[in-house]
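Have a look at the structure below before the remarks.
The values are calculated or read from the model by the stated rules, or taken from the named source; none is laboratory data. From a predicted model like this one, the values you see are computed outputs, not experimental measurements. All Cβ positions, even for glycine, are placed from backbone atoms using ideal geometry, and neighbour counts span all protein chains on display.
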Ligand code: DGL
């Protein structure tokens with residue numbers, strides 16, 4: 001019998017930056033990726049709306065028989081994970097949050113810039129994390145990148161560069177050591193970000209998530225014991241054209257990362 005898949009969802013294309021790293025790490029699992037491009041950007045929506053979208057996406061993946069769900073969207077994770085775990089108590093949820101802890105664990109004296117959506121930065125979950133470090137460190141900058149994820153989703157390259165220049169201008173003189181890419185869409189434009197903050201190290205949460213996923217699959221006895229390569233099925237709330245686009249972006253990202 002075919003192994004039950006792992007569901008991965010995001011507010012669109014961004015979650016493929018997590019999916020690709022998970023697939024590389026756990027290649028013999030089956031995956032279903034659901035991109036909710038219809039409701040992108042989540043980051044500009046109210047908590048109630050984000051919650052509703054996350055519940056629908058999870059229900060969709062549970063109906064497809066997923067044994068675990070990776071909420072590969074910092075915004076949905078920060079706002080909705082506790083609720084999702086309450087509503088679907090029999091499903092294993094793995095969530096993501098901007099990798100501020102990774103940056104702080106590396107070196108507490110670094111100048112850190114966290115780029116994320118408005119909804120992520122104002123969420124209770126992220127604020128708790130931030131406050132736990134901010135008390136002792138006044139060199140963590142939070143940058144609300146309103147609508148940047150949507151521009152990336154729509155692939156409007158020239159506007160992306162203009163928007164990035166505006167957003168990062170102030171920080172170019174701040175000796176930023178680490179940029180936390182706190183939205184799954186941002187690794188898709190990491191070269192553009194790096195070009196503006198050349199001395200900064202860019203980090204995202206994909207490594208933490210894939211390790212956490214494997215640990216939990218083992219703990220709940222859900223790891224696929226078979227060794228053959230798994231399959232990926234893609235769905236998108238905007239239909240077939242976006243499914244095609246997801247595959248293209250996934251392949252381009254895999255190529256970029258393996259260079
Ligand atoms: N990709 C999502 C995240 O990781 C949100 C982008 C959006 O829909 O605003 O936060």
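Would you check if residue 246 is surrounded by 14 or more Cβ atoms within 10 Å (Cβ to Cβ) and assigned to a helix (DSSP H, G or I)?
It is true that residue 246 is surrounded by 14 or more Cβ atoms within 10 Å (Cβ to Cβ) and assigned to a helix (DSSP H, G or I).
Within region 42-52, track down each residue that is within 12 Å of the ligand (Cβ to nearest atom), in contact (Cβ under 8 Å) with a residue 12 or more places away in the chain and surrounded by fewer than 24 Cβ atoms within 10 Å (Cβ to Cβ).
44, 45
Of all residues in region 193-202, how many are within 16 Å of the ligand (Cβ to nearest atom) and out of contact with any strand residue (DSSP E or B) (no Cβ under 6 Å at 6 or more places or on another chain)?
Looking only at that region, the number is 1.
Please go through region 14-35 and give me each residue that is more than 8 Å from the ligand (Cβ to nearest atom), part of a loop (DSSP other than H, G, I, E, B) and out of contact with any strand residue (DSSP E or B) (no Cβ under 6 Å at 6 or more places or on another chain), ordered by number.
26, 27, 28, 30
Within region 79-101, take every residue that is out of contact with any strand residue (DSSP E or B) (no Cβ under 8 Å at 6 or more places or on another chain) and within 16 Å of the ligand (Cβ to nearest atom) and give me the one that is modelled with the highest pLDDT.
Restricting to residues being out of contact with any strand residue (DSSP E or B) (no Cβ under 8 Å at 6 or more places or on another chain) and within 16 Å of the ligand (Cβ to nearest atom), the top hit is 79.
I need the full set of residues from region 56-78 which are in a helix (DSSP H, G or I) and more than 16 Å from the ligand (Cβ to nearest atom), in order please.
59, 60, 61, 62, 63
Taking the options 174, 190, name whichever one is in contact with a strand residue (DSSP E or B) (Cβ under 9 Å, 6 or more places away or on another chain) and within 16 Å of the ligand (Cβ to nearest atom).
Answer to the selection: 190.
Could you please let me know if residue 8 is under 22 Å from residue 186 (Cβ atoms), more than 11 Å from the ligand (Cβ to nearest atom), in contact with a strand residue (DSSP E or B) (Cβ under 8 Å, 6 or more places away or on another chain) and modelled with pLDDT of 95 or more?
Taking the combined requirement at face value, the residue satisfies it.
Looking at region 36-50 only, could you name the residues that are over 15 Å from the mean Cα position of the chain (by Cα), part of a helix (DSSP H, G or I) and under 19 Å from residue 238 (Cα atoms)?
Matches in region 36-50: 38, 39, 44, 49.
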